[in-house]
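Computed from the coordinates by the stated procedures, all read-outs in this text should not be read as laboratory data. As the structure is a prediction and not an experimental result, all values here were calculated from the model. Here the Cβ positions follow ideal geometry from the backbone for every residue, glycine too, while neighbour counts run over all protein chains shown.
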2 protein chains.
Amino acid sequence: MSAEELKSLRSKLDEINVELLELMTKRAEIVTDIGKVKAKIGTKRFDPVRESQMLEELVQLNKGPFSDDTIRHLFKQIFKASLDLQKIDQQKELLV
Amino acid sequence: MSAEELKSLRSKLDEINVELLELMTKRAEIVTDIGKVKAKIGTKRFDPVRESQMLEELVQLNKGPFSDDTIRHLFKQIFKASLDLQKIDQQKELLV
């Protein structure tokens, strides 16, 4: 019985992993587009105020089980990875 | 026009952030349930083979723009945070 339960929970987890991957991919594409718009209007790529606003909004919405600090940590990693993509994208443009 | 574009992209980003938070929360709850089932059947909490299988499945599905290494890094952080929750949960049980 418990082995069956484990199998079913794991299959739910696999589905969520894929959904997370899809959302992170979608997010990365939007951040890349934002980078292009910012380059066009000449705004700085990294906006620490906007980043901390996004983090605070997420912490406000967090009902657990993750602690607020864990939410901050996980999203900072996602934000950083997306920002690094903008960097790569701009370097490509410079090389053209 | 570009300022409008930026506003619209940012609002899409905010929606995705919230969806990510919801999915991560759902994921954390399932991992906590898995921890309980594992405690019941006396299996070890951390299963490195299962973790590396999940990572490889995600890398197989990754079509960019994130590199495979970035996907591995981001998911390892999410996996670790979820596993830490199981730890806290088991400590609580020990204290009861």
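Among the charged types (D, E, K, R) and touching a residue at least 40 places away in the same chain (Cβ under 8 Å) - does that describe any residue in the stretch A:22-30? Full working, then the answer.
Narrowing the stretch A:22-30 to residues among the charged types (D, E, K, R): A:22, A:26-27, A:29.
Filter again for touching a residue at least 40 places away in the same chain (Cβ under 8 Å), leaving A:27.
Yes - at least one qualifying residue is present in the stretch A:22-30.
Out of (1) at the interface with chain B (Cβ under 7 Å from one of its Cβ atoms); (2) under 21 Å from B:Asp68 (Cα atoms); (3) out of contact with any Leu (no Cβ under 8 Å at 6 or more places or on another chain), what's the single condition that is false for A:Asn17?
Single failed check for A:Asn17: (3).
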